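K.L.:
Submitted below is the structure of interest, expressed as structure tokens.
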Amino acid sequence: MCGIIGIFGHDDVAPELTFALTSMQHRGQDSAGAVTFNGNFRVKKGLGHVSTVFGDGVAHDLHGHCGLGHVRYSTIGSPNLLNAQPFAVHYPFGLAMIHNGNVNNFVELRNYLYEERHRLLETSNDVALILYTFASELESKDLKYLTVDDIFDTVEATQRRVKGAYSAVAIIANRGFLAFTDPNGIRPLVMARHYTDKGIIYAFASETTCFDYLGYEVMRDLEPGEAVFIDENRQLHTRICHQEKQAFCVFEYIYFSREDSTVHGRLVASERVRMGKKLAETFRRTGLEPDFVIDVPNSAYFFASGLAEGLGIPYRRGLAKNAFIGRSFISPTQEKRELLVKQKLNPLGDVIRGKKIAVVDDSIVRGTTAKHLVRLLKRSGAKEVYFISASPPIKYPCIYGIDMSIKEEIIASHYDPDEIARYIGADAVVYQSLDDLRSLYADLPCCYACFSGEYPTGVSDELMQQIEEERIGAKQG
Ligand code: AMP
């Protein structure tokens, strides 16, 4: 999963890029990078947070009227500078690109690019695959008189070849600025503008929050399979290049997007409250009677408040969080994950003691967080602990850019809620039902593959095996 930002038409784009990236830090903390264009590409990238890579955020060495920025959260393997984005190439002429998502047919594409297009990629990073596929399709056009239709045809050819999820933004040197999404629109990409006395600035980002900070006006989310091209005269062109059934990632609402972002016209915080209220209907049927609801800070707050409201019982803050501990979930080993979870959360003893507690988290993947928390709450004197997952049971790996590990490690793909309750030591485990979640999105076709195993792009057993093997290989270093 990653956060991306592209800005076109600003006199000095770098400060705004780094500012926007900081507001998307939650989408990736492994590496950060930016490229600007002013006749030449200038690239700066490094491992770690935006502040580590860009220091004071001024990025003195980046200049240009357009630029791209990226924060990365590696889906497989450990963070590596080779895989940090953006990427720039000089073939068939200057192209730079960033993307958010996951390419699935990487082996097929790598072979195609090598054997048919004679391009040997120095990295197997997804964006390199998309960029080289795009570049090789562009090569067949009349580059001297490149038209907008040529660019959209090239996007369509790229979308037909590249399977998976991707929202991409690119600079086409001296021609313009391009954004496009995969045919199913799995990953978010939102477009904004800002009027200045020198003309309109256009921007594209994974989330709207950065536009609030920048003072840009949000225009809309891109449609599945859509491309938007802004030419050098700041004229905006759009085309649905290659569209299939929409399958927007519902996990963006559950976990990934920031609560103050608006995705497809819906505020993420309000979506989580809605899910919490829906969860109350399932919870009530269990006959359990908690004294109050607490959340696993911070991502579960809105679910917990919706659930408490739905149940008509209080919400309390029952856990303190150390804000300076990194993300436990993406640590490479189970021991390290357990240690980080331990350091991260601490119960508020007086609140917990002698109470029956409903504790809400956004999801249960391996069960590491849940198991540790139940132990902590019981040790602090909780009478009963009901562990509640705001998402339905995660049973299948995400192949579209959200790190959910491999099937073997995903607890709900092997055990039912009662067995999970026994494993984590809870008095009950309650999940949102998949049907209930779907009912909340009747008017927005979403991807539920991690719950149902129905992958919108279709995946053969062979491809699934290839993806799992690559992940296992990456884990083993
Ligand atoms: P686990 O401890 O393995 O059961 O994972 C569940 C915890 O990890 C929850 O607290 C989630 O907030 C968090 N989480 C779930 N999915 C992800 C993800 N893709 N990346 C990072 N954290 C996640």
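Derivation of every value follows stated rules applied to the coordinates shown; laboratory data play no part. Given the structure is predicted, the values throughout are model-derived calculations rather than measurements. Every residue, glycine as well, gets a Cβ built from its backbone with ideal geometry; the counts of neighbours run over all protein chains shown.
K.L.:
Quote the relative contact order of the range 260-455 in percent (integer), defining contacts as alpha-carbon pairs under 8 Å separated by 6+ residues.
P.N.:
Relative CO of the range 260-455 lands at 19 percent.
K.L.:
Please give the peptides 183-191, 150-158, 279-287 ranked by average Cβ packing (other Cβ atoms within 10 Å per residue), highest first, as a rough proxy for protection.
P.N.:
183-191, 150-158, 279-287
K.L.:
Is the shape of the range 119-236 rounded, prolate or oblate, going by the alpha carbon gyration tensor and its root eigenvalues a ≥ b ≥ c, with a/c under 1.5 for rounded and a/b larger than b/c for prolate? Could the numbers behind the result be given before it?
P.N.:
Values: a/c = 2.02, a/b = 1.35, b/c = 1.50.
Cα axes put the range 119-236 in the oblate bin.
K.L.:
Ranked highest first by the average count of other Cβ atoms within 10 Å around their residues, in what order do 391-397, 310-316 fall?
P.N.:
391-397, 310-316
K.L.:
While we're here: Each residue of the range 255-261 in turn: what ³J(HN,Hα) in whole Hz from Karplus with 6.51, -1.76, 1.60 and θ = phi - 60°, glycine and Pro shown as x?
P.N.:
10, 6, 6, 6, 5, 8, 8
K.L.:
For a 26 Å ceiling on Cα separation, which of these pairs sit above it: 278/395; 336/371; 45/198; 245/395? Intermediate results must be reported in sequence, preceding the final value.
P.N.:
Details: 278/395 21 Å; 336/371 15 Å; 45/198 30 Å; 245/395 23 Å.
Among 278/395; 336/371; 45/198; 245/395, the Cα-Cα distance tops 26 Å for 45/198.
K.L.:
Residue by residue through the range 233-242, which ³J(HN,Hα) values in whole Hz follow from phi under the Karplus form 6.51 cos²θ - 1.76 cosθ + 1.60 (θ = phi - 60°), with glycine and proline marked x?
P.N.:
Values, residue by residue: 8, 6, 8, 9, 10, 9, 7, 7, 7, 8 Hz.
K.L.:
Could the peptides 125-138, 459-472 be put in order, highest first, of the mean number of other beta-carbon atoms found within 10 Å of their residues?
P.N.:
The most tightly packed comes first, giving 125-138, 459-472.
K.L.:
Then there's this: Compute the Cα gyration tensor for the chain, then decide on rounded, prolate or oblate, letting a ≥ b ≥ c be the square roots of its eigenvalues: rounded whenever a/c is under 1.5, prolate when a/b is larger than b/c in the other cases, and oblate in all that remain. Mind showing how you got there, number by number?
P.N.:
On the way: a/c = 1.96, a/b = 1.75, b/c = 1.12.
Cα axes put the chain in the prolate bin.
K.L.:
May I ask you to derive the relative contact order of the range 172-260, considering only C-alpha pairs under 8 Å and at least 6 residues apart, and to give it as an integer percent?
P.N.:
In percent, rounded to a whole number, it is 36.
K.L.:
Just add up the charged neighbours of residue 117: K/R +1, D/E -1, any other residue whose Cβ is under 10 Å from the Cβ of residue 117. Provide the component values of the computation, followed by the final result.
P.N.:
Details: positive: 119; negative: 115, 116, 137, 139.
My count for the surroundings of residue 117 gives -3.
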